[in-house]
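Visitor: Questions regarding the structure given below will be posed in turn.
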Amino acid sequence: IISGKATALGWAYMNPNVLLDSLRTAGQIPVFPNLASTTATFGAWVTLDGVHPSNQTHRALANHIINAINAKYSTTLSTISVP
């Protein structure tokens, strides 16, 4: 629905699931928590609560949004570093 509405209005759209699925497929988001870790129980991409994206994930998503905006509107926004 969101993609369709964005397309209908001529807006840029970026599906966040593409990035998140690729991280999961690559094993970067563990299926089970690492209970031995006190800092990255769910890996570097998910916060300690096991639900929310980490700062690193937000930065990666921001870059994907920047790329979508640049592609749609022929802009040259710079991406940010992702640790």
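The values are calculated or read from the model by the stated rules, or taken from the named source; none is laboratory data. Keep in mind that this is a model prediction, so the values were computed, not measured. With ideal geometry, Cβ positions are generated from the backbone for all residues, glycine too; neighbour counts draw on all protein chains shown. In case anyone asks, the SASA skips ligands and DNA or RNA and just uses the protein heavy atoms, side chains included. Shrake-Rupley method; radii C 1.70, N 1.55, O 1.52, S 1.80 Å.
Visitor: Would you check if THR41 is in contact with a Pro (Cβ under 8 Å, 6 or more places away or on another chain), of a type outside the set (Asp, Glu) and free of Cβ contacts under 8 Å to residues at least 12 places away in the same chain?
Guide: Answer is yes for this residue.
Visitor: Within segment 24-33, is even one residue assigned to a loop (DSSP other than H, G, I, E, B), free of Cβ contacts under 8 Å to residues at least 40 places away in the same chain and in contact with a strand residue (DSSP E or B) (Cβ under 8 Å, 6 or more places away or on another chain)?
Guide: Scanning segment 24-33, I find at least one residue that is assigned to a loop (DSSP other than H, G, I, E, B), free of Cβ contacts under 8 Å to residues at least 40 places away in the same chain and in contact with a strand residue (DSSP E or B) (Cβ under 8 Å, 6 or more places away or on another chain), so the answer is yes.
Visitor: While we're on this one: Looking at segment 30-39 only, could you name the residues that are open to solvent by less than 90 Å² (accessible area, probe 1.4 Å) and over 17 Å from the mean Cα position of the chain (by Cα)? Don't jump to the end; show me each part of the working.
Guide: Quick first cut of segment 30-39, residues open to solvent by less than 90 Å² (accessible area, probe 1.4 Å) only: 30, 33-34, 37.
Answer for segment 30-39, where residues must be open to solvent by less than 90 Å² (accessible area, probe 1.4 Å) and over 17 Å from the mean Cα position of the chain (by Cα): PRO33, ASN34, SER37.
Visitor: Which condition does ILE80 not pass, out of (1) assigned to a loop (DSSP other than H, G, I, E, B); (2) among the β-branched types (Val, Ile, Thr); (3) surrounded by 14 or more Cβ atoms within 10 Å (Cβ to Cβ), if it passes all the others?
Guide: (3)
Visitor: Can you pull out the residues in segment 43-77 that are modelled with pLDDT under 95, among the hydrophobic types (A, V, I, L, M, F, W, C) and open to solvent by 50 Å² or more (accessible area, probe 1.4 Å)?
Guide: ALA44, LEU48, VAL51, listed by residue number.
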